[in-house]
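The values are calculated or read from the model by the stated rules, or taken from the named source; none is laboratory data. Since the model is a prediction, treat every value here as computed from it, not as a measurement. With ideal geometry, Cβ positions are generated from the backbone for all residues, glycine too; neighbour counts draw on all protein chains shown. Note: areas computed on protein heavy atoms with side chains; ligands, DNA, RNA excluded. Shrake-Rupley method; radii C 1.70, N 1.55, O 1.52, S 1.80 Å.
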Amino acid sequence: MGTIPNLVGAGLIVIGAGLGIGKIGGSAMDAIARQPEASGKIQTAMLIAAALIEGIGFAAFFMGK
Amino acid sequence: MEQLLGTFSLGLFILQIVIFVGLIFLLKKFAWKPILDAVNTREEGIKNALLSAENAKKEMQNLKADNEKLLAEARAERDALMKEAREIKEKMINDAKVEAQAQGEKLIAQAKATIEGEKNAALADLKNQVSTLSIEIAEKVLKEELSNKEAQTKLVDKLLGEAKLN
Amino acid sequence: MVIYKKPLQFIIAALFSVMPIIANANPTVDSVATTTEQTAKENVSEEQKKVEERAEFIQHHLLDSHGFTLFSYGEKENEHHVGFPLPVILWDEGLHIFSSSEFKHDTAIVESKGKYFKIEHGIVYSCDKNGVVDHQAHTNPLKRPLDFSITKNVFMILVVGLLMFLLFGGLAKSYKKNNGIAKGVGRFFEPIVIFVRDEIAIPNIGEKHYKKYMSHLLSVFFFIWFLNMFGLTPLGVNVTGNIAITAALAIITYLITNISANKNYWGHIFWMPGVPPIMRIVLAPIELLGTIIKPFSLTIRLYANMVAGHIVLMSIIAMMYTFNNVAGSGFSFVLAFVLSILEILVAGLQAYIFTMLTALYFGSACEEHHHEEAHH
């Protein structure tokens, strides 16, 4: 466990990453609702985008922690 | 970061690289290459089979189209023949009609001519006979008349009596 | 309830979710923790001690270990461990080979060829006679002896490697035997192999170049997937949640990317086409840093996902003991059950994402020149 500023920073990162991934997920849902036939491609793109954000989020989290 | 480095084992890292690279090469030789080759050949086979089926279908269609074309041609030919035959028939009938008419007319004309001739001949004959007959009658009458002198004189008298000299 | 229509999957899922509870939920006392705790004050309440024990147990589970302990029972001094020792191979100015049983479950200091070693939290440190460790060694891996031991993780890697070799070697053989049609267990894995090829490799790398990367992609995918799944079994292994393992996988990806990269790839890094020359100079270090960040994020993503999954799952299982009543324990049981099913999904998903991103990096390395038109 780190110091309090570190933990607050880690928390902020988690909030940011969570918001980002939530936005991606929401947009993907919208896109699938609009074009159900393209759901496979949208899912793949969504996963990649989410994974990239998640990776950066985790990296920052571990550095901060 | 410190925690990450704290749990990082360099030996495990090196071991993992060695094992994993070895695993990749082993699997490549004994698993992935044969598997992917087999899958590829199978897919190629399926693709080829589909392609040949498609070709066969196309060929069938071509054949069918050809058949239809032939059939249509035959039908057209038959129609043409029929039409021609009909035309010929009509023409023949027409020709026959015309000829028959001509023949008939000719015959009629001939008959008419013959009849005319016959009539003329008969008339001539009749005329001859009438004239002969009249001559014979006149001869006979004259002979009769001339043989009876009294009557003759009487007639002459009568006629003389009527014919008053003016 | 769709799940009931698939009884086999349901049973498997149920098994997987119940297994960790049976196996991992023995709140054994970590020996190192006890020794330190014994010196601690007695006035710490019993309840708090237990909570700490559980945290220690979870922490211990996440780490590598030099012996394979299946489960342990008993309290403190008369604790019994069931498992088997593994060989310890160390390089510290000379080769040291001995059995992990000499560490007496991470409590003893081992003397080998005049050097002293001890284990703290699954990592071997060289120390002096009294067990004092150079404090720099805790944060600097280079200050520790090079540990080539067949640890639990290495053992599992070898097991998975053997499993993969037998499984896919068998699949390859079954093609030859059956005229190109898979047989047996290969029937299940063949569509996954084709999935990796059609959904991961070809769209990201391209029809032209994908073949030379297939071996690596398939190996990575199944390696991570199998190890993730093993992480959910009661064996208590956490191989993909070990930073060294994920770093090794990412480094291999990094090396393959850079070795197979074409001129176009390097051109995009050092001399970005389509931007003014000054920007190119600014962009070059950023792009170069990007190539290093990519494998780093690969490493961290897999590591963090697996660690997070294990921590959450085990914490919920530990909650069962904290509640210690029917309602609370039942609740955490259901929660653990659902989470285990989620973890099975995550196991596949992380393998997919790792492979997908690897393929993406390979794709950028061998991208053809025509792509450049898009910049103008």
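Being surrounded by 17 or more Cβ atoms within 10 Å (Cβ to Cβ) and at the interface with chain B (Cβ under 8 Å from one of its Cβ atoms) is the filter here, so list the residues in the range C:168-181 that pass it. Full working, then the answer.
So in the range C:168-181, the residues surrounded by 17 or more Cβ atoms within 10 Å (Cβ to Cβ) come out as C:168-172, C:174-175.
Residues satisfying the conditions are C:PHE168, C:GLY169, C:LEU171, C:ALA172, C:TYR175.
Restricting to the range C:182-228, what's the tally of residues that are basic (Lys, Arg) and facing chain B (nearest Cβ under 9 Å)?
2
Those residues that are touching a Pro at 6+ places or on another chain (Cβ under 9 Å) and at pLDDT 80 or above, I need them from the range C:92-122; list them, please.
Passing the criteria: C:HIS96, C:ILE97, C:PHE98, C:SER99, C:PHE117.
Within the range C:260-294, restricting attention to residues that are without any contact (Cβ under 8 Å) to a residue 60 or more places away in the chain and within 14 Å of chain A (Cβ to nearest Cβ), which residue is least open to solvent (accessible area, probe 1.4 Å)?
Here the residue is C:GLY290.
Return yes when A:ALA33 is modelled with pLDDT of 85 or more and under 10 Å from the mean Cα position of the chain (by Cα) and no when it is not. Let's see the steps before the verdict.
Values: modelled with pLDDT of 85 or more: yes; under 10 Å from the mean Cα position of the chain (by Cα): no.
Judged against the criteria, A:ALA33 is not a match.
Within 14 Å of chain A (Cβ to nearest Cβ) and in contact with a helix residue (DSSP H, G or I) (Cβ under 9 Å, 6 or more places away or on another chain), is that true of C:ALA359?
Answer is yes for this residue.
Quickly run through the range A:43-65 and pick out the residues that are within 7 Å of another protein chain (Cβ to nearest Cβ) and within 24 Å of A:SER27 (Cα to Cα).
A:LEU47, A:ILE48, A:ALA51, A:GLU54, A:GLY55, A:ILE56, A:PHE58
In the range C:229-259, what residues are more than 14 Å from every other protein chain (Cβ to nearest Cβ) and outside any loop (DSSP other than H, G, I, E, B)?
C:MET229, C:PHE230, C:GLY231, C:THR257, C:ASN258
Within the range B:22-56, track down each residue that is more than 7 Å from chain C (Cβ to nearest Cβ) and among the β-branched types (Val, Ile, Thr).
B:ILE46
In the range C:118-134, how many are within 22 Å of C:ASN242 (Cα to Cα) and not acidic (Asp, Glu)?
8
Does any residue in the range C:153-167 that is under 14 Å from C:VAL220 (Cα atoms) come within less than 9 Å, Cβ to Cβ, of a residue that is outside any helix (DSSP H, G or I) six or more places away or on a different chain, and which pairs are these?
So the pair list comes out as C:ILE157/C:VAL239; C:VAL160/C:VAL239.
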